[in-house]
1. Determine, for T34, T66, T118, the number of other Cβ atoms within 10 Å of each Cβ, and report the residues in order from fewest to most.
2. If I compute mean projected area of the Cα convex hull in nm² from the structure I just sent, which labelled value in [x] 9.6; [y] 18.6; [z] 7.6 lines up?
3. Work out the FRET efficiency for F20 and K44 from their Cβ-Cβ distance, taking R0 = 30 Å, and round it to the nearest 0.05.
4. Could you size up the charge dipole of the chain around its Cα centre, putting +1 on the beta carbon of Lys and Arg and -1 on that of Asp and Glu, and report it in debye to the nearest 20?
5. Taking the simple approach of a point 7 Å from Cα along Cα-to-Cβ for both W126 and A29, what is their distance in nm?
6. Sequence gap at least 6, Cα distance under 8 Å: using those rules, report the relative contact order of region 19-127 to the nearest whole percent.
Amino acid sequence: MNQWYKQLKKPAWSPPAWLFGPVWTVLYAGIFITYGTAIYLFAKAQITWPVLLPFILNVVFNIAFTPLQFKLRNNILALADIILIWLTLVWALLAIYPFAAWITWVNIPYLLWVSFATVLQSSITWLNR
């Protein structure tokens, strides 16, 4: 993990750095399968663009987080980004539910982790203001 990040003040309940890799590996497997299914459903005209859009935005915001946090070293932008990740995820899960409820259920661990990560990033941003 980035030396800059290691030196940031973090709340006492912050998980150890080694935990992030395994958690994201498991989550990305579910994301890959379910988001891929959403794209497939769109390609087969079983869902519309407004249903697919939050999935695409979620991936874009998810990819943006690491450069914002670790390259730019900007906690405020990282916090704004993770809030956008959370919002687009909730939007995606609500939008897809009528068409493929299982996608929503498979992504509940992702939602829980992003919720936790949002609170963590909020705390880190506050502690390092």
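All of the numbers you see were taken from the coordinates with simple rules; none came from a lab. Keep in mind it's a predicted model, so treat the numbers as computed, not measured. All Cβ positions, glycine included, derive from the backbone under ideal geometry; neighbour counts span all protein chains shown.
1. Listing T34, T66, T118 from fewest to most nearby Cβ atoms yields T66, T118, T34.
2. From the options [x] 9.6; [y] 18.6; [z] 7.6, the structure gives [z].
3. 0.30
4. 400
5. Each label point lies 7 Å from its Cα, and together they span 3.5 nm.
6. 28
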